Amino acid sequence: MKAVVLVGGEGTRLRPLTFTTPKPLLPVANQVFLERQLSWLAAHGVDEVALSLGYLPDAFRARFPEGRFVDGANREVRLVYAVEPVPLGTAGAVRFAAEHLGVGERIVVCNGDVLTGLDLGALVSFHDGRQAEATIHLARVDDPSAFGVVPTFADGEVKAFVEKPPRGAAPTDWINAGTYVLEPSILERIPAGLCVSIERETFPRLLEQRGRLFAMPSDAYWIDIGTPDQYLQVHADLLAGRLGPCPVPGAHEAAPGIWIQGDATPEGLGAPVLVGPDCRIEGDARVSGSVLGAAVRVAPGAVVAQSVLHDDVTVAAGARVRDSIIGTGAVIGADAEVVDRSIVGANAVVELGGCLVRARRPATAAPATSP
Ligand code: GDD
Ligand code: MG
């Protein structure tokens, strides 16, 4: 089976991290997110993937060379790149990438920021059983206003596709989870070379034209990692074992809930926690509810809680990091405080005694960006 993974977005909601690292190349529990997604596709029988992108293509090529990808379980996927000259939107990009795959057959399409335990085979069977032209995976969320909302009839036929309705106006809590099975007839409906949104144009138009659009609800684990809250949440979920006992392949559990890559000892660590290789937790420093990448240094008296620190971060003596994301190589100065879902970009420095608190958006603010 062939798949297109949409990885062309700029990841604006995760800036400044995504100024240097595109969202799908950010680590999630110390494994590059796209590697998790490609492994998931390979595990479900996908053997060829087109990476559909335009933003920072060299970063992708450096980490995932064109040709083939082999996952930790030795499953192999052929990788091709479809680099858009300008962003073509979620449907335009699928059409463009499908041309690179040379397909005249059914494809799977995934948003490149979705982590799920969905049984992809079950989605394909559901699609076959209904002779659908397109089938959408649905997940249930508390606040559907940030997503595509998809009410269905009892047999799964889609009634409507409403992208990001105003808060409180959504007809259901079931949302587009960003994985689709598409027949070639859908690709023919997407005009070539134009910027087209699958959510705002292709699916609503398919319904108007009485095409066979279905959706399958699933209770499998699902998250979109594209906002600071969700990026922190996926780490909390992996530490809590919601996607399997071990948060990252190769880590060992040194004590209950204390996962270590490499040979650090559990001193100073409070479960749940994942510590990458070559980290140093010095003196009376404390790290809990967090993920540390490789070669992170937490100096005496510092506290790290409910946070994600990428590789080579330094947290100097007496500093506090709570509910925040710290990019590769950043330095949190002595006695500084970084709290409240702040994001510190790669190689940034929070000066000695500095304080970083994320500005809150008013509760009535419109949803951020749309695809
Ligand atoms: N190649 C390419 N070109 N990819 C794109 C483009 C483009 O022009 N625009 C967006 N993408 C990619 C992004 O990189 C991301 O992987 C995916 O398309 C979806 O874009 P997001 O910006 O993350 O959209 P969203 O999260 O606001 O909403 C989408 O996902 C929700 C589920 O997480 C929509 O599909 C919603 O309907 C859905 O509920
Ligand atoms: Mg998204």
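The values are calculated or read from the model by the stated rules, or taken from the named source; none is laboratory data. No experiment lies behind these values; they were computed from the predicted model shown. Cβ: placed from backbone, ideal geometry, glycine included. Neighbour counts: every protein chain shown.
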Exercise. If you go through the range 182-205 one residue at a time, how many are more than 16 Å from Glu105 (Cβ to Cβ) and polar (S, T, N, Q)?
Worked result: 2
Exercise. For the range 100-112, what are the residues that are within 16 Å of His44 (Cα to Cα) and either of a type in the set (D, E, K, R) or away from ligand 2 (no atom under 16 Å from the Cβ) (or both)?
Worked result: Arg106, Ile107, Val108
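I want to confirm something. Restricting to the range 113-140 and keeping residues that are of a type in the set (S, T, N, Q) and touching a residue at least 24 places away in the same chain (Cβ under 8 Å), which single residue is nearest to ligand 2 (Cβ to nearest atom)? Before you say what the answer is, go through the steps one by one.
First, pick out the residues of the range 113-140 that are of a type in the set (S, T, N, Q): 116, 125, 131, 135.
Now narrow it down to the ones that are touching a residue at least 24 places away in the same chain (Cβ under 8 Å): 116, 131, 135.
Details: Thr116: 12, Gln131: 29, Thr135: 19 Å.
Among those residues, the one meeting the criterion is Thr116.
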Seminar exercise, completed: Considering residues that are of a type in the set (Val, Ile, Thr) and part of a helix (DSSP H, G or I), the number found within the range 226-249 is 1
Exercise. Got a sec? Which of Ala317, Ala346, Ala264, Ala334 is closer than 19 Å to Tyr231 by Cβ, assigned to a loop (DSSP other than H, G, I, E, B) and hydrophobic (A, V, I, L, M, F, W, C)?
Worked result: Ala346
For this session: Residue by residue through the range 164-181, note down the ones that are more than 16 Å from ligand 2 (Cβ to nearest atom) and either modelled with pLDDT of 95 or more or farther than 10 Å from Pro151 by Cα (or both).
Result: Pro165, Pro166, Arg167, Gly168, Ala169, Thr172, Asp173, Trp174, Val181
Exercise. Which condition number does Phe214 fail, the rest of (1) more than 20 Å from the chain's Cα centre (by Cα); (2) away from ligand 2 (no atom under 16 Å from the Cβ); (3) part of a helix (DSSP H, G or I) being met?
Worked result: (3)
Exercise. For Thr135, all conditions in the list (1) within 13 Å of ligand 1 (Cβ to nearest atom); (2) in contact with a helix residue (DSSP H, G or I) (Cβ under 9 Å, 6 or more places away or on another chain) hold save one; what is the number of the exception?
Worked result: (1)
For this session: Specify which of the listed residues (Gly226, Gly168) is farther than 27 Å from Ala98 by Cβ and not acidic (Asp, Glu).
Result: Gly168
Exercise. If we keep just the residues of the range 1-27 that are assigned to a strand (DSSP E or B) and within 14 Å of ligand 1 (Cβ to nearest atom), which is nearest to Ser125 (Cα to Cα)?
Worked result: Ala3
Problem set entry | Candidate set: the range 43-54, residues that are of a type in the set (A, V, I, L, M) and outside any strand (DSSP E or B); chosen: the one surrounded by the fewest Cβ atoms within 10 Å (Cβ to Cβ) | Ala43
For this session: Might you let me know whether the range 141-162 holds any residue that is of a type in the set (A, V, I, L, M), without any contact (Cβ under 8 Å) to a residue 24 or more places away in the chain and surrounded by fewer than 20 Cβ atoms within 10 Å (Cβ to Cβ)?
Result: yes
Exercise. From the residues in the range 194-211 that are surrounded by 14 or more Cβ atoms within 10 Å (Cβ to Cβ) and in a loop (DSSP other than H, G, I, E, B), which one is farthest from ligand 1 (Cβ to nearest atom)?
Worked result: Gly211
Problem set entry | Entirely in the range 55-114, the strands (runs of 3 or more DSSP E) that have 1 or more residues that are assigned by TED's automatic domain parsing to the domain that holds Gly11, near ligand 1 (Cβ under 9 Å from one of its atoms) and surrounded by 15 or more Cβ atoms within 10 Å (Cβ to Cβ) | 76-83, 107-111
